[in-house]
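Written below as structure tokens is the structure these notes are about.
The values are calculated or read from the model by the stated rules, or taken from the named source; none is laboratory data. Owing to the predicted nature of the structure, the values given are computational and were not obtained by experimental measurement. So basically every Cβ, Gly included, is an ideal-geometry build from the backbone, and we count neighbours across all protein chains shown.
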Amino acid sequence: MHGIGFARARRDVLIKRPVEVAMAGGEPRVASEFFRKKYEREARKSWDIFYKTHGTNFFKDRHWLSPEWPAVFPRAAASSAGEAGHDADDRVEEVTRGPGPSYVIEPGARRAFLEVGCGVGNTVFPMLELDPEATVYCCDFSARAIDMVKQRAATLPESDRNRVVAFVCDATCESLLDNVPPGSIDVATLVFALSAMSREKMTYCVRNLSTVMRGGQKGVVCVRDYAAGDLAQTRFSAKDAQKLSENFYVRHDGTRAYYFTKEDLTDLFAEEGMEMQEIMVHERTITNRADAKDMNRRWIQACFASAQEAPKDFVPPPKLEDEQWWAKK
């Protein structure tokens with residue numbers, strides 16, 4: 001058990017971080033409301049700094065989209081037999097099937113894709129290869145990331161370059177309809193994007209997404225993200241004030257991460273009339289050879305049918321007050 005003396009000893013080290021180091025009964029304390037709001041206000045800034053620091057080198061292109069979602073990308077699936085979106089050592093919990101109707105590609109249809117939270121395009125450019133005729137819309141709230149997407153797109157042949165429509169947008173509070181035609185998207189992808197948002201803001205993101213999806217449950221949303229029980233969550237749980245709320249944590253650089261259960265992710269989309277088609281949890285055990293410790297990594301993967309009837313417009317959440325308490329008397 002850690003005592004108050006231990007907390008005091010750490011204070012000088014931690015004071016540079018905007019966290020509370022007070023301890024309660026030896027358990028790490030949840031960040032205060034002030035800092036939860038601070039991280040919310042500075043989310044865009046934190047990710048912009050992240051991309052300034054790492055550029056296009058942090059994430060790899062996601063060439064596992066087709067093997068993982070063959071119903072969505074069947075043409076590419078046939079040519080990528082033998083590939084996998086996970087290693088042979090991966091374990092997959094039982095796949096849960098839902099009431100959502102299966103996605104069907106209409107013959108001769110020219111599809112439109114949308115990647116929300118696209119970062120520097122690690123999902124966008126593989127999608128271009130998966131369907132040589134589809135238009136790929138993509139957005140991120142980091143202007144720096146979108147600039148990198150546009151720079152990479154500019155190196156493509158003109159026919160492909162014109163199929164990338166990249167724009168800056170915070171999908172939790174800025175309408176996608178400003179850049180994407182209503183009811184036009186066949187396939188939307190959210191790859192490690194929702195987890196960067198607070199649970200309250202996720203609802204607005206999914207609602208916003210629904211305005212541009214095809215109605216009549218003819219579209220599909222493909223999600224991959226962090227799963228509850230992941231090693232990183234376990235490590236967060238042992239540190240002071242890095243927990244913001246249930247399953248939601250802040251990293252040292254101010255970016256945040258949410259860890260989903262199957263029920264939580266299913267409910268998020270169900271609230272907006274999007275029925276789950278299937279959902280599963282992948283788990284991989286990685287051994288650190290230096291200390292012979294096993295590390296369990298977990299992520300969740302799911303598909304949801306678009307709503308039967310999409311909302312006509314998007315109403316953003318109320319703006320968060322900028323509480324400058326130090327200026328108050």
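List of remarks:
- Qualifying residues in segment 233-291 (those that are at positive phi and over 19 Å from the mean Cα position of the chain (by Cα)) - the one surrounded by the fewest Cβ atoms within 10 Å (Cβ to Cβ): Gly273
- Pick from segment 113-149, criterion surrounded by fewer than 19 Cβ atoms within 10 Å (Cβ to Cβ) and small (Gly, Ala, Ser), ranking: farthest from Tyr103 (Cα to Cα): Ala143
- Options Arg97, Arg111; residue that is modelled with pLDDT of 95 or more, under 18 Å from Gln277 (Cα atoms), among the basic types (Lys, Arg) and over 21 Å from the mean Cα position of the chain (by Cα): Arg97
- Lone qualifier among Tyr259, Tyr249 - being in contact (Cβ under 8 Å) with a residue 24 or more places away in the chain and over 19 Å from Ala307 (Cα atoms): Tyr259
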